[in-house]
1. Do we find that Gln317 is of a type outside the set (D, E, K, R), buried (at least 16 other Cβ atoms within 10 Å of the Cβ) and farther than 19 Å from His111 by Cβ in this structure?
2. Looking at segment 44-77 only, could you name the residues that are in a strand (DSSP E or B) and surrounded by fewer than 22 Cβ atoms within 10 Å (Cβ to Cβ)?
3. Of everything in segment 381-398, what is open to solvent by 10 Å² or more (accessible area, probe 1.4 Å) and of a type in the set (A, V, I, L, M)? Give them in sequence order.
4. Testing Met423 on (1) modelled with pLDDT under 95; (2) within 19 Å of the chain's Cα centre (by Cα), one condition comes back false. Which one is that?
5. Only residues that are surrounded by fewer than 19 Cβ atoms within 10 Å (Cβ to Cβ) and within 10 Å of the ligand (Cβ to nearest atom): list them for segment 291-310, please.
6. Restricting the search to segment 162-190, which residues are within 16 Å of Pro129 (Cα to Cα) and either within 16 Å of the ligand (Cβ to nearest atom) or open to solvent by 70 Å² or more (accessible area, probe 1.4 Å) (or both)?
7. Take segment 200-244 and flag every residue that is touching a residue at least 40 places away in the same chain (Cβ under 8 Å), within 16 Å of the ligand (Cβ to nearest atom) and hydrophobic (A, V, I, L, M, F, W, C).
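The values are calculated or read from the model by the stated rules, or taken from the named source; none is laboratory data. Keep in mind it's a predicted model, so treat the numbers as computed, not measured. Because the Cβ atoms are built from the backbone with ideal geometry, glycine has one as well, and the counts that use them run over all protein chains shown. SASA here: full protein model, heavy atoms, side chains in, ligands and nucleic acids out. Shrake-Rupley method; radii C 1.70, N 1.55, O 1.52, S 1.80 Å.
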Amino acid sequence: MKRLTLLLLCSVITSAFAAPKVITADRMIDVENGKLIKNAVVVVDGNRIQAAGVQGRITIPEDAERVDLGDATLMPGLMDMHVHLTSDATKHGYKRLSVSLPRAAITGVKHAEDTLMAGFTTVRNVGAPGFADVALRDAINAGDVAGPRMFVAGPSLGVTGGHCDSNLLPYEYEQYSEGVADGPWEVRKAVRRNIKYGATVIKFCATGGVLSKGTKVGAQQYTLEEMEALVAEAHLRGLTVATHAHGTSGIKDAIRAGVDSVEHVSLLDDEAITLALENGTYFSMDIYVTEYILGEGEKAGILEESLNKERIVGKRQRENFEKAVKAGVKMVFGSDAGVYPHGDNGKQFARMVKFGMTPIQAIQAATIHPATLLKQQETLGSLSEGKFADMVAVPGNPLEDMQKMEDIRFVMKDGQIVKTLAM
Ligand code: ARG
């Protein structure tokens, strides 16, 4: 950690006068065209990409500082559209009740660094009590701590007693999550409050969930009327909306209400796919997390009822992932890290390929598509002229072996090299 801080500090100091950087590698992934480029070079000036392409066809500034990665594949910084940086994967259920807001925020600092070191230079944090994600984002942007670029939701919105409420305690300890809002005007007000305290994306729960106590995973919670009000309010203010939805009717009403992405999407049907295609809705399907929940969940405090729900949902979700991919639904990488350990995000890539994606599609789902979902395609998502210099590299060729995505050896964020190991 100390070494990293020093490294960051040095690069902050030097970047003010820094010479351009020239990164070369045997291969690079062009996510815009879905192609592998051999003998690649990227020129970085300050925090932006000046040029990227094939070596020999790009003019290299004479004073450039050179980094040759050799037998490696360079690609844009990875983007995870579903994380909870302030959540601890070893504390679920009643164990989580003992974690104070400040403690969660401090844990988030470590998780932010773990996430960045795993190659995720941008994340969408879809739910954090106490606006701890806003504080973390601000600390990262100020250079106080190392972490990815963060798009943050603050507290997730949901109905009384729903998946986004806190239902662990009996009535005499009556307690609600901060995001509880019922009825069209309450949800509009909750959106306004989240924006007031720094949210840049709105997250709400349309259906029950796996990890919440007493909710039916397939049952809808918000009505279409409430969802329409919520989405209209968020869009009016220029924010996109992410929706937790496992159950079929909740998925479909969320899409009808105009949400930008649906998370989990476990129990979809053909009509849900058609609606998503018609509306251009993104799906963010966390198909790795089931392995952690069923393997480590009990030790981490996950309730028995949640394990039972997971046994049904995980399998259906993987089958439906394959269906949605085949149908051509727009897919983004979303892991739900926080339920499982931060830094293990990349384990999902191999599963995405196992369940129907091509390797290029899986990498596009974690680069160019999230940039478009976040409406940041001008600055993020690909190694193209003018974009922020966020890039990562793995040894060898990940298109031949997706597990290489779990072995990130080089990370540059905002023009600064924050990790570099021998390939
Ligand atoms: N946060 C989600 C929930 O509690 C996790 C679902 C994980 N399971 C899955 N198969 N994706 O509902």
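1. Yes; evaluated as a whole, the condition is true for this residue.
2. Asp45, Arg48, Gln50, Ala51, Gly53, Val54, Glu65, Arg66, Val67, Asp68
3. Leu383
4. All conditions pass for Met423, except number (2).
5. Glu291, Leu294
6. Answer for segment 162-190, where residues must be within 16 Å of Pro129 (Cα to Cα) and either within 16 Å of the ligand (Cβ to nearest atom) or open to solvent by 70 Å² or more (accessible area, probe 1.4 Å) (or both): Gly162, His163, Cys164, Asp165, Ser166, Asn167, Leu168, Gln175, Tyr176, Ser177, Glu178, Gly179.
7. Phe204, Cys205, Ala206, Val210, Leu211, Val217, Ala242
This table checks each residue for (1) of a type in the set (S, T, N, Q); (2) open to solvent by less than 10 Å² (accessible area, probe 1.4 Å).
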| site | (1), (2) |
| --- | --- |
| Phe283 | no, yes |
| Tyr288 | no, no |
| Glu322 | no, no |
| Lys326 | no, no |
| Ser335 | yes, yes |
| Ile360 | no, no |
| Thr367 | yes, yes |
